[in-house]
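The values are calculated or read from the model by the stated rules, or taken from the named source; none is laboratory data. All values derive from a computational prediction rather than experimental measurement. Virtual Cβ from ideal backbone geometry, glycine too; neighbours counted across all protein chains shown. Surface areas here come from the heavy atoms of the whole protein model, side chains and all, with no ligands, DNA or RNA. Shrake-Rupley method; radii C 1.70, N 1.55, O 1.52, S 1.80 Å.
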Amino acid sequence: MTRASPWWTPHVHADRRPFLMKRGRIKAAVHNWFQQRDFVEVECGIVQVSPGNEAHLHAFATERVFPDGTRQPLYLHTSPEFAAKKLLAAGESRIYTLGPVFRNRELGPRHACEFTMLEWYRAAEPYEALMRDCAELLAVAADAAETRRFTHRGFESDPFAEPERVTVAEAFLRHAGIDLLATLDANGSADRDALAAQATAIGIRIVFDDSWSDIFSRIIAEKVEPNLGQGRPTVLCEYPVVEAALARPKAGDPRVAERFELYCCGVELANGFGELTDPAEQRRRFVAEMDEKERVYGDRYPLDEDFLAALAIMPEASGIALGFDRLVMLATGAPRLDVVIWTPAAE
């Protein structure tokens, strides 16, 4: 097999350059959008004591060496979330950051081990405000790229159309014929066997040690996601609380949480929350996530005790992370993520 020419080869760069020029215009338009709305741009430190505590997120580990030779294990952040929430606790109210994040074990046309994340927070505002933000930013990106349609792998989505809003339970019923809420009790605890039975009935492969979350993720990937954001964007909301480690439960229904994801052309673009601010509950969830990580991968990450302490004084807030490279990929019609990254990591 002939090895593809590296990105720095002049003819390859010449092919990629039009996409990269549009990336720059989209980036400038996004900064302008936030600044017009009184958001403060912040810069969050990349090296952290904890990279995040979700079971299936994998980090790059590093080490700090002090002048006396003592060593401290550290990580490159998978998201600026912990640092940004500390800034909310410190008194900031509308903040955004656009910068690099790092995730291990990720590779493919829509993934990169180093990529650019756009993350923003609104103190004392509901997470529905983030849904409106997303709709506006899709149009901002389209205008900057001088396009009327987002495209990816034969699918199209209208970035100027009002996004459809559908709950996870509705999407499971519509696209998989699965009654998801029937597998959750009144407090949100999940019945693994009930979901496994429904999944098996529609041909989803199940193995004996799959957890409820494993089965949930497989159904999402195989049956639900490919149908989202087709024709117009989709806001997929009200995730089961067991799938929302950093989100608060929805008022009136503790089975689901204030979490949503934004989709265009079957591609997940953003993940938003009504933020959980109960440090005891957050600790409980993090420990459960790390127990699951250790069960599956034989590894766990430390908790950021400063972050948990900051939650105690953090105001009610909503926050969201959006994959900026994916947004550019869809707005420019690029076939793969690496086409819109200036200097992709070597494979």
Checklist entry - Considering only residues of segment 38-85 that are farther than 20 Å from THR116 by Cβ and hydrophobic (A, V, I, L, M, F, W, C), which is modelled with the lowest pLDDT? => result ALA55
Checklist entry - Does segment 255-288 hold any residues that are acidic (Asp, Glu) and assigned to a loop (DSSP other than H, G, I, E, B), and which are they? => result GLU258, ASP278
Item to check | Test set (1) assigned to a helix (DSSP H, G or I); (2) within 17 Å of the chain's Cα centre (by Cα) - ASP291 fails condition number | outcome: (2)
Checklist entry - Which condition number does LEU138 fail, the rest of (1) surrounded by fewer than 19 Cβ atoms within 10 Å (Cβ to Cβ); (2) in contact (Cβ under 8 Å) with a residue 40 or more places away in the chain being met? => result (1)
Next on the checklist: Can you report the number of residues in segment 270-284 which are surrounded by fewer than 24 Cβ atoms within 10 Å (Cβ to Cβ) and either touching a residue at least 24 places away in the same chain (Cβ under 8 Å) or on the phi > 0 side of the Ramachandran plot (or both)?
Outcome noted: 7
Next on the checklist: Let me spell it out: the conditions are (1) open to solvent by less than 10 Å² (accessible area, probe 1.4 Å); (2) farther than 27 Å from PRO315 by Cα, and GLY188 meets all of them except one. Which number is the exception?
Outcome noted: (2)
Next on the checklist: Among the residues of segment 193-248, what is the count of those that are without any contact (Cβ under 8 Å) to a residue 60 or more places away in the chain, assigned to a loop (DSSP other than H, G, I, E, B) and either more than 22 Å from the chain's Cα centre (by Cα) or farther than 30 Å from ALA142 by Cβ (or both)?
Outcome noted: 10
Checklist entry - When you go through GLU170, GLU162 one by one, which is the residue that is open to solvent by 60 Å² or more (accessible area, probe 1.4 Å) and either in contact (Cβ under 8 Å) with a residue 60 or more places away in the chain or part of a strand (DSSP E or B) (or both)? => result GLU162
Checklist entry - If the Cβ limit is 7 Å and pairs must be 6+ apart or interchain, which residue in segment 84-105 that is farther than 16 Å from TRP33 by Cα and in contact (Cβ under 8 Å) with a residue 40 or more places away in the chain pairs with which residue that is assigned to a helix (DSSP H, G or I) and open to solvent by 20 Å² or more (accessible area, probe 1.4 Å)? => result LYS86/ASP306
Item to check | Subset of segment 40-75 [assigned to a strand (DSSP E or B), open to solvent by 40 Å² or more (accessible area, probe 1.4 Å) and either closer than 23 Å to ARG295 by Cβ or among the hydrophobic types (A, V, I, L, M, F, W, C) (or both)] | outcome: VAL40, VAL47, PHE60, ALA61, VAL65, PRO73
Next on the checklist: On the basis of being closer than 21 Å to LEU20 by Cβ, at pLDDT 95 or above and open to solvent by 60 Å² or more (accessible area, probe 1.4 Å), does ARG149 make the cut?
Outcome noted: yes
Checklist entry - Does ALA196 meet the test of being open to solvent by less than 30 Å² (accessible area, probe 1.4 Å) and among the small types (Gly, Ala, Ser)? => result yes
Checklist entry - Does ALA346 meet the test of being small (Gly, Ala, Ser), surrounded by fewer than 22 Cβ atoms within 10 Å (Cβ to Cβ) and out of contact with any helix residue (DSSP H, G or I) (no Cβ under 9 Å at 6 or more places or on another chain)? => result yes
Item to check | Hey, ARG205 over 26 Å from CYS264 (Cβ atoms), surrounded by fewer than 20 Cβ atoms within 10 Å (Cβ to Cβ) and of a type in the set (Lys, Arg) or not | outcome: yes
Item to check | GLU156 being without any contact (Cβ under 8 Å) to a residue 12 or more places away in the chain and over 18 Å from PHE324 (Cβ atoms) | outcome: no
Checklist entry - What are the pairs, 6+ residues apart or on separate chains, where a residue within segment 313-326 that is assigned to a strand (DSSP E or B) has its Cβ under 6 Å from a residue that is of a type in the set (Ser, Thr, Tyr) and buried (at least 24 other Cβ atoms within 10 Å of the Cβ)? => result ALA317/TYR121; GLY319/TYR121
